[in-house]
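Below: one structure, written as structure tokens.
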Amino acid sequence: MRLLSYLSNGQPRFGAAVPGGVVDLSSRIGSKFPDLRTLIAGDGLEAARAAIAGQAPDHALGDLTLRSPIPAPEKLWCIGVNYRDRNAEYKDNSDLPKYPSLFVRNPSSVVGSGQPIEKPKISEQLDYEGELVIVIGKAGRHIPRERAFDHIFGMTLCNEGSVRDWLHHGKFNVTQGKNFDRSGSVGPWIVTSDECDPRGPHDIVTRVNGEVRQSDSTERLMFPFDFLIAYLSTFATLKPGDMIATGTPTGAGARLDPPRWLKVGDVVEVESSRIGTLRNVVAAEA
């Protein structure tokens, strides 16, 4: 299934993308599962399947304002420097990392597919980072790698938008540059693991105005999905609806010579063949 969150007449809803549009699940099973995060936590996938069986779409996809599939996850983890060759992009002669780089994003820093991402007033260095995202379906702590895939509900996509000149305001952190309001995006939907096996391999492509800037495969991850789940769950309980953005390939704008920052009007697309396309236009901060 392809499950998504959206606004209809200004009201938050969730549903399933089907051929021809979207079936509204809020009106069918919303009394038991008021949102997608609750559905995941309540093992409601079979109820969702039953609810859409034989149903015509309630909405055209283009008529909806899409939100991040999990609008308010407890945790939105982000992994840095995870594809081979990414470490070399930094040109600091450092050894390959022994552990993943890690930071978090606030829900307010991302929008849904089709919504504008914002170039902040204070910076000219808004950058793109296309990433695959795994969505946790079953809670766990100290999860062994051999059981890690059992905890994945599905996958989605992220443009992990970064304001580069704000990444190093502090001595040890990148939090500021990763959390500008509406600077990134997640979506368009979650494809469930039964239809999109997280074991992969999965491709990831980022385009800016139709030009391919990033292209890679999960076969080249330094820290694969099962490692990340085992590692994160060593110190934090993973909960249903938590999302893990698993790293971006080479080719971000900051690493080009000269750097190529996003400008107002640019169109950024992040695509994976088994998931779909996350698309956003860059707008100026109001």
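Odds and ends about this structure:
- For the stretch 21-57, filtered to residues that are over 24 Å from the mean Cα position of the chain (by Cα) and closer than 21 Å to Gly276 by Cα, the residue that is surrounded by the most Cβ atoms within 10 Å (Cβ to Cβ) is Ile52.
- Of all residues in the stretch 139-159 being more than 23 Å from Asp216 (Cβ to Cβ) and in contact with a Lys or Arg (Cβ under 9 Å, 6 or more places away or on another chain), the one that is surrounded by the fewest Cβ atoms within 10 Å (Cβ to Cβ): Asp150
Matching residues to (1) under 30 Å from Glu219 (Cβ atoms); (2) out of contact with any helix residue (DSSP H, G or I) (no Cβ under 7 Å at 6 or more places or on another chain); (3) among the aromatic types (Phe, Trp, Tyr); (4) part of a loop (DSSP other than H, G, I, E, B):
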residue	(1), (2), (3), (4)
Val22	no, no, no, no
Pro34	no, yes, no, yes
Arg37	no, yes, no, no
Glu46	no, yes, no, no
Ile70	yes, no, no, yes
Lys98	yes, yes, no, yes
Phe103	yes, no, yes, no
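- Candidates are the residues of the stretch 260-281 that are over 16 Å from Asn209 (Cβ atoms) and of a type outside the set (A, V, I, L, M); the one that is least open to solvent (accessible area, probe 1.4 Å) is Ser272.
- Here Ser68 does not qualify as touching an Asp or Glu at 6+ places or on another chain (Cβ under 7 Å) and open to solvent by less than 50 Å² (accessible area, probe 1.4 Å).
- Filter pass, Ser185 being in contact with a strand residue (DSSP E or B) (Cβ under 8 Å, 6 or more places away or on another chain), farther than 17 Å from Lys75 by Cβ, open to solvent by 30 Å² or more (accessible area, probe 1.4 Å) and in a strand (DSSP E or B): no
- Contact map, the stretch 209-224: residues that are without any contact (Cβ under 8 Å) to a residue 60 or more places away in the chain and open to solvent by less than 40 Å² (accessible area, probe 1.4 Å) paired with residues that are part of a strand (DSSP E or B) and not hydrophobic (A, V, I, L, M, F, W, C), Cβ distance under 8 Å, separation 6+ or inter-chain. Pairs shown: Ser217/Asp203.
- Close pairs from the stretch 226-250: first within 24 Å of Pro71 (Cα to Cα), partner in a loop (DSSP other than H, G, I, E, B) and of a type in the set (S, T, N, Q), Cβ under 6 Å, at least 6 apart: Gly247/Asn82
- Of residues in the stretch 106-122 being over 12 Å from the mean Cα position of the chain (by Cα) and open to solvent by less than 20 Å² (accessible area, probe 1.4 Å), the one nearest to Tyr6 (Cα to Cα): Ile117
The values are calculated or read from the model by the stated rules, or taken from the named source; none is laboratory data. A quick note: this is a predicted structure, and the numbers were derived from the prediction, not measured. Glycine also receives a Cβ, built like all others from the backbone with ideal geometry; neighbour counts cover every protein chain displayed. The area values use the complete protein model at the heavy-atom level, side chains included, leaving out ligands, DNA and RNA. Shrake-Rupley method; radii C 1.70, N 1.55, O 1.52, S 1.80 Å.
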